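Every number in this text was worked out from the coordinates using simple rules, so none of it is lab data. From a predicted model like this one, the values you see are computed outputs, not experimental measurements. Cβ placement follows ideal geometry from the backbone for every residue including glycine, while neighbour counts extend to all protein chains displayed.
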């Protein structure tokens, strides 16, 4: 126990200006510390668990003599109860710091989630779509909210205005919000159930997307019109026309064709190997090249300084609008992607090729997981026969038809 000191009065304390440590009395161990800089601060010196501890009680005169004595008495009561007031204070400050570190907003969590996952996503466009969707629709409503405070009312405020009119966008947005909140829960920034979850929760509050969203299929030419169109297309000049022709012959997606590189094509084995990073499913895809498609490739000029099969004027891949412009110029009521639908209709209705072969040719993921597990091969040889039959069909009657009449025939139907 510190020796009892003479009780100092407020005026006497005020006059203590020489550097040193001054006992002020009343509460044992309470001192006013005067620093060489002139600053003055309160110190409580006490024995805690057998060792001397010095505890700061604040600066003078912000903390008055009376207040310092009250603080010192409270600290001594804790020591008497076996509590170390210094460690207790440190623990409180640490808890406050941890709480502040966990005070992230929904927007901050979303940006951290995107940064953490973008390496696993297929391309920069996907990352950009994630950020843009959240920034446009979610951030204005709940971006500044602490993520732990995001509740059902906020989720509905984001989704309900879009659910009936932009159902697909709203459905994707819901999934992205759910992912961000799951991430925040795993990182201990929030707790409890996810208010953006669908099954057993939002599915009771919002209609199923399939019930309110009208599926709009890509416009496709009828099976009996496509060979006539291809005949007319072959009379068109330009790299866009050749890329569109190759797209039809291979039944591939336009992006896969526009990004094709000569290094991916083996003219000896008649095989085009599309790397996983350019495939929608993220899996390498081998495309059998028919004789007609190979003849097209062999007739293409190769531009110096680029490996792109269908280059633009500066050697870069063609844009999607280049192929669309060809169709518009020919006044054909179809989209580039629609030719995949025409191919699927022809293969399913006019041939005996198995469904799984047709789906593999389109690089579709089989929805039946059991079937997909057994069908691990690419059915490449069977797909080669399918694509040869497709090329033969495309060339079978094109010379007999008048492509210019396609629009008129469809309009009259």
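Under a crude label model (7 Å from the Cα following the beta-carbon direction), how far is residue 261 from residue 281 in nanometres?
If labels sit at residue 261 and residue 281, their model points lie 2.3 nm apart.
Place a label point 7 angstrom from the Cα of residue 18 along the Cα-to-Cβ direction, then list the residues of the stretch 30-50 whose backbone nitrogen is under 20 Å away.
31-43
Identify which of the listed values of Cα extents along the principal axes in Å was calculated from the structure shown: (1) 69, 57, 33; (2) 119, 53, 43; (3) 68, 51, 48.
Of the listed options (1) 69, 57, 33; (2) 119, 53, 43; (3) 68, 51, 48, (2) comes from this structure.
Which residues in the stretch 15-57 have a backbone N closer than 18 Å to a point placed 7 Å from the Cα of residue 90 along the Cα-to-Cβ line?
Those under the cut-off are 44-57.
How much mean residue ellipticity at 222 nm does the chain get from its helices, if each DSSP H run of length 4 or more adds -39500 (n - 2.57) and you divide by all residues, to the nearest 500 deg cm²/dmol?
Per the formula, -14000 deg cm²/dmol.
Evaluate the distance, in nm, between pseudo-label points positioned 7 Å from the Cα of residue 351 and of residue 299 along their respective Cα→Cβ axes.
2.2
Under 8 Å for C-alpha pairs, at least 6 residues apart: give me the relative contact order for the chain, rounded to a whole percent.
11
In nm, what is the difference between 0.36 nm times the number of residues separating residue 11 and residue 73 and their Cα-Cα distance?
20.2 nm
Using a Förster distance of 25 angstrom, determine the FRET efficiency expected from the C-beta separation of residue 132 and residue 164, and round it to 0.05.
Result of the calculation: an efficiency of 0.70.
If you count, for each residue, the other Cβ atoms within 10 Å and average over each peptide, how do 269-278, 177-186 line up from highest to lowest?
177-186, 269-278
Please order 303, 239, 47 by the number of other Cβ within 10 Å, starting at the fewest.
Ordered from fewest to most neighbouring Cβ atoms within 10 Å, 303, 239, 47 come out as 47, 303, 239.
Relative contact order, percent, of the stretch 106-212 when contacts are C-alpha pairs under 8 Å separated by at least 6 residues?
Relative contact order here is 27 percent.
Provide the packing ranking of 197-205, 323-331, i.e. peptides ordered by the mean count of other C-beta atoms within 10 Å per residue, highest first.
Peptide ranking by packing, descending: 323-331, 197-205.
In cubic angstrom, how much convex hull volume per residue do the alpha carbon atoms of the stretch 10-95 span?
104
Using the beta-carbon distance between residue 236 and residue 381 and R0 = 45 Å, what value does 1/(1 + (r/R0)^6) give for FRET efficiency, to the nearest 0.05?
Given R0 = 45 Å and the Cβ-Cβ separation, E is 0.85.
Along the Cα→Cβ direction, 7 angstrom out, place labels at residue 324 and residue 80. What is the inter-label distance in nm?
Once both label points are built, they end up 8.2 nm from each other.
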